[in-house]
1. Filter segment 18-58 down to residues that are surrounded by 15 or more Cβ atoms within 10 Å (Cβ to Cβ), in a helix (DSSP H, G or I) and within 20 Å of the chain's Cα centre (by Cα), then give me how many there are.
2. Under the condition of being at pLDDT 75 or above, surrounded by 11 or more Cβ atoms within 10 Å (Cβ to Cβ) and outside any strand (DSSP E or B), which residue from segment 119-160 is nearest to the chain's Cα centre (by Cα)?
3. With respect to residue 173, is the statement that it is more than 20 Å from residue 144 (Cα to Cα) and either in contact (Cβ under 8 Å) with a residue 24 or more places away in the chain or in a loop (DSSP other than H, G, I, E, B) (or both) true?
4. Among what's in segment 63-76 and is within 25 Å of the chain's Cα centre (by Cα) and in a helix (DSSP H, G or I), pick the residue that is farthest from residue 119 (Cα to Cα).
5. Do we find that residue 63 is more than 14 Å from residue 97 (Cα to Cα) and at pLDDT 95 or above in this structure?
6. Which members of segment 189-204 meet the condition of being in a loop (DSSP other than H, G, I, E, B) and at negative phi?
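The values are calculated or read from the model by the stated rules, or taken from the named source; none is laboratory data. Bear in mind the structure is a predicted one, so any value in this text is a computation, not a measurement. A quick note on method: Cβ atoms are made from the backbone with ideal geometry, for glycine too, and the neighbour counts reach across all protein chains shown.
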């Protein structure tokens, strides 16, 4: 996959590093002279292109016409929207990600402006805090299908409802699949006859509705 990233701050440089490690082709565009030296220390020189990502000539030099993904992650919302508009309506990039710096501008980051996925950092932080507060010790490991499903992990607490029950006897909610059990640092494949024990670490695939139900089965008795 060929990805163009515009913005070489922490978000852009970290994203570029991750994609390169996964074997993807990446070009990162950055115009700030004070940021470029640190980028050259973190990334291969051939990945970095100095210039203004809102300039069509710079985008073309980066290879925008063959890019499958364009990520506009500068610290300026207006620039990110211009980049998204150019990527979608002038160059036909299939997938465009836009970073929202000011939550007041969130409504502009929409398909009408060329943005497929809007990254609103304030919203992400608020949702993470809300999830952690509402689900106690359940941890979200991975979001799937645009956030519709989650891979979660929780340790079974003493006297939890699930202790001593076989998986087949658990009143699991719909859209909840137990995919793994860590017991004494060993991974177990779950089967219907597997009896759950205090301290087991449960990995499960759930949707939003099932998260709370699973947390009540595995969590502290006062939360059950």
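1. Going through segment 18-58 one residue at a time, the tally reaches 2.
2. Applying the filter and picking the extreme gives 156.
3. Taking the combined requirement at face value, the residue does not satisfy it.
4. Among those that are within 25 Å of the chain's Cα centre (by Cα) and in a helix (DSSP H, G or I), it is 66.
5. Taking the combined requirement at face value, the residue satisfies it.
6. Across segment 189-204, the qualifying residues are 189, 190, 191, 192, 193, 194, 196, 197, 198, 200.
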